[in-house]
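To start, the structure itself, in structure tokens.
Bear in mind that the values in this text are calculations on the coordinates, not laboratory data. Computed from a prediction, not measured in an experiment: that's the story for all the values here. Cβ placement follows ideal geometry from the backbone for every residue including glycine, while neighbour counts extend to all protein chains displayed.
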Amino acid sequence: MSDGAPLLSLTGVNTHIGPYHILQGVDLEVRRGGLTMLLGRNGAGKTTTLRTIMGMWHASAGNVRFDDADITAWATPDIARAGIAYVPENMGIFADLTVRENLLLAARSGPIDDARLRWIFGLFPALEKFWPLTAGVLSGGQKQMLSIARAIIEPRKLFLIDEPTKGLAPAIIANIIAAFSELKKSADTTILVVEQNFLFAKSLGDAVAVMDNGRIVHTGAMAELAADRDLQHRLLGLHLDQHQ
Amino acid sequence: MILSGDPPRGRTLALLLTVIFAGLALAPFLFPGMAALNVAAKICYFVVLAASYDLLLGYTGIVSFAHTMFFGIGGYGAGLALYNFGPSWSSIAVGTAAALVLAVALALVIGLLSLRVRAIFFAMITLAVGSAFAILASQLSSFTGGEDGRTFRLPEALRPGFQVLNSPVAVNGRVLTYYLVFFSSLILFLLMLRVVNSPFGRVLQAIRENEFRAEALGYRIVIYRSIANCLAAAAAALAGVLSALWLRYTGPAVTLSFDTMLDILLMVVIGGMGTLYGAVLGATIFVLAETYMQSLMAVVSHASLPLLPRLFDPDRWLLWLGVLFVLSVYFFPFGIVGRLRKRH
Amino acid sequence: MSAGKTFKLPARRRDIAPLLLVPLLALAALPLIGSFSTWVTLTLAGVAMGMIIFITASGLTLVFGLMDVLNFGHGAFISIGAYAAIVLVPLVSGLMQADSIAANLGALMALIAIAMLVTGVLGYAFERIIVMPVYGQPLKQILVTVGGMIVAEQLIIVIFGPVQLVLPLPTAFRGSLVFGDVAVERYRLIAVAVGLVIFAAMLLVLNRTRLGLLIRAGVENGEMVEALGYHTRRLFVGVFVAGSALAGLGGVMWGFYREALTPRMGMDVMVLAFIVVVIGGLGSVGGCFIGALLVAVTANYAGFLAPKLALGSNILLMALILLWRSRGLYPVTRR
């Protein structure tokens, strides 16, 4: 697993939603291993980028390559089966299904692997306690944990995660940061996270990409961006350690 | 067109509409005989009925299967008034007024319901309500005449025996009734055209296109939809009054049946939703087909192959219209009018 | 994992209020009706009819819940099921005329099997040819499926003629069992049994199989199910076919219930099925079951107490339930 070809690359991706031209030529490369943060103001097109990768919206121009395959025109289920797990902004929890059933559904190849489940319970103890209950009774933070748990229930090559900490209490956020650190330690895991919480971004991100107006306006190492307050201000319009 | 500034926009379309208008305006003189006049009158009030449905379906985007209920209310209003209070103009007035009040009131109730439930729920509910109303009408037989309906007489000026002119052409009460129906239909149609081209109409279309946006822009959807509902219901009720006057009869099979509901749905869709002119074309085609296609089919049906006669049995004209309907939803989403206007 | 402090789990919110509706209604009707034996007859008739309506409506609610497709042509499959069965009656006439419940059941099963096969296949064709091109466009869907229904009904008339056809009950299904004052019609008991079997089977599939899991999840959030790697399209086609087959089954049962077939019979039942689906909550099989019982039992009580208001009573029922719960008894939580 050397630096060779990027695991995921978007080239000149344009996406239209109805009459709106949201993505206006996105060029993005995500290397294997490590965690890439996708930052940007509201409305910059971050969620649209993830959804385009996932095939929920199809690029009107440009292409998306994943693991040496051109997935631009693929259907969402095929993209998922190629090894991409998606944790959407609204978590996508099936509220009428139990926690167990939510995870069972995510475990495509059959029954849930016991060791894996133990690991998940270690990261998110609440899930073990709520196991037989319908997911609708979980709190916001617990739902987020379930959503992440669903993504990691089986090994995947790439995780797309949309604003995991949105609306969550700091204690829960700490929990999730810990979970992601753990996740990063597994070899063969590449993560692309859309976030607005810079504390989260700073503590976990290896690489960073910044979006504005439907384009990528900056890429580089997270450490660089974290050290350069002027750059932060220019790209994101504020000092990031204020924005928590 | 005259009041509203909404021209046909399309030469073929304008030509067709002119032909239809001329045909209807001069029907008693161009096509002698009661049968032809019947067809012409039917086209007139169905144009109004179909246009009122287009107002609902094409302009406001509301799918309702209870529309014939209002048609029936109009028919029964005028009909029962003439039946119970005697053949006079005041009976007609009273009956029409009562029908309008009832229709608008019901439309308001249904409209309010539509806001509590999703659009598709609403369609299903109207189907149920329409059926229930039809059954109710045939069951309250002492009042409505049940399945058989009511026949009644018209005021003297409208009766066949009333001769106005003998030459150069025979003009009797029937002809007068026809022109009453014709001019009323014309006025109602032009009024509807005016409504959909007014600021109110444009807001309706905006709501149809994108509800959230319209609401965000500050338009109270509730109010607009309710008004649209009421206008459509009122127009349908008036169409019902006209049908009663012409047929000198009112009954559930003619006004309230699901078949009639399907008929106007077909008319509006095949003609072209959201254009009002589509209702004119649709109603004309439909009524002509219903009357004359049957004779055509009777000819084919006497051919020799086994199933063919039954496929072309004159009563099965609805089969072919149904096929045409499905095809037009796929291939002519804007109906014939859309095709003629060469829209995408 | 973490021993130590006891954790208070939130109580499982069981929504039992709707479950009480049918018993309450039945109890309320008893004093109004007066005679116990009449009450039993009416209630049983209602339950039997309710089962049949449930069978036809269940497919409708899942199809809508799963893919927002409202099939106004559903009634056609009900009719087609019944007419397919009547074509086969001569072939099983021996079994049908035998005075043995077993033989009659065998005949019924055969008729049902054929009806379901025919409507299943036609359902597949209908979905591919008529419904698929208009995905995501609710207005066109309604129009196109209504069109399909018109054409189907006309074709039935072409093939079978416009008049009513008689479908006599198998010998051992006729008549009633008498318990003292109370007469209980045999066929109604059979209908109830069939309905319960179908309901149990559906609950089993939905709650204990992966397929059922997919359907329940898909009804809630189809997009997320796709993001988890499942082709919801194929799932949907399967459910559509199953729903059409169930409609066919319902058609056979309904045909025997009325002992007559008319080309419009499917549409008549479909109106009731729509009411049931609205009452039960789009996408909920349990709601559909309760809704069907409510509607049928109400219709039967109203038919006895105030015949002119029978269908109107269902509208009233629907209005009341929507006032109580504006999305139906058990609305499926959506996104």
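For the reader, a short list of remarks on this structure follows.
- Averaged over the residues of B:125-138, the number of partner chain Cβ atoms lying within 10 Å of the residue Cβ comes to 5.
- Restricting attention to chain A, close to 55% of DSSP beta bridges with both partner residues there are antiparallel.
- The order of B:Val326, C:Val285, going from fewest to most other C-beta atoms within 10 Å of their C-beta, is B:Val326, C:Val285.
- Most mobile of B:Arg225, B:Arg174, B:Arg213 in a GNM of chain B (Cα contacts under 10 Å): B:Arg213
- Computed [θ] at 222 nm, helices only, for the protein assembly as shown once each DSSP H run of length n ≥ 4 contributes -39500 (n - 2.57): -20000 deg cm²/dmol
- Number of Lys-Lys pairs in the protein assembly as shown with C-alpha atoms under 18 Å apart and a separation of 8 or more places or on different chains: 12.
- Alpha-carbon gyration tensor eigenvalues x 5, square-rooted, for the stretch A:91-155, Å: 17, 13, 10
- Selection from C:Leu143, C:Tyr83, C:Thr171, by position along the positive dipole direction of chain C (Cβ): C:Leu143
- Its Cα centre serving as origin, the stretch B:11-341 has a Cβ charge dipole (Lys and Arg +1, Asp and Glu -1) of approximately 560 debye.
- Proxy reagent accessibility, fewest Cβ within 10 Å first, across C:Ser326, C:Ser284, C:Ser79: C:Ser326, C:Ser284, C:Ser79
- Between the stretch B:183-200 and the stretch B:229-293, the C-alpha centres lie 16 angstrom from each other.
- For the stretch A:1-90, the Rg and Dmax computed from alpha carbons only, in angstrom: 12.7, 42
- With a 10 Å cut-off around each Cβ of A:96-102, the average count of Cβ atoms from other chains is 4.
- As a length-normalised measure over Cα pairs under 8 Å and 6 or more apart, the relative contact order of chain B settles at 29 percent.
- Dipole of chain B, positive end: most advanced residue of B:Gly33, B:Leu140, B:Leu113 [Cβ charges, Cα centre]: B:Leu113
- Dipole magnitude (debye, nearest 20) for chain A, charges at Cβ of Lys, Arg, Asp, Glu: 320 debye
- Kirkwood Rh in Å, taken over chain C so that all alpha-carbon pairs contribute: 20.9 Å
- Geometric descriptor of the protein assembly as shown, per residue, is 207 Å³ (volume of the convex hull of the Cα atoms).
- C:Cys288, B:Cys230, B:Cys44 arranged by Cβ crowding within 10 Å, fewest neighbours leading: B:Cys230, B:Cys44, C:Cys288
- Remark: the protein assembly as shown carries a charge dipole of roughly 740 debye about the Cα centre, counting +1 on each Lys and Arg Cβ and -1 on each Asp and Glu Cβ.
- Taking every C-alpha pair closer than 8 Å and separated by at least 6 residues, the mean separation divided by the residue count of the stretch C:103-195 gives a relative contact order of 19 percent.
- Between the stretch A:71-116 and the stretch C:103-126, the alpha-carbon center distance in angstrom: 36 Å
- The protein assembly as shown: antiparallel DSSP beta bridges as a percent of all, rounded to 5: 65 percent
- GNM on chain B, alpha-carbon springs under 10 angstrom: the most fluctuating residue among B:Ala216, B:Ala137, B:Ala234 is B:Ala216.
- Springs join every pair of Cα atoms under 10 Å in this Gaussian network model of chain A, and among A:His218, A:His21, A:His58 the largest mean-square fluctuation is at A:His21.
- Rg/Rh ratio calculated on Cα atoms of the stretch B:11-341 (Kirkwood radius): 0.98
- Pairwise centroid distance, computed over Cα atoms, of the stretch B:37-102 with the stretch A:179-201, Å: 67 Å
- Span-rule helices in chain B, defined as complete DSSP H runs reaching 18 Å or more along the axis (Cα) with Kyte mean at least 1.6: B:11-25, B:89-116, B:119-139, B:173-196, B:221-247, B:258-271, B:317-331
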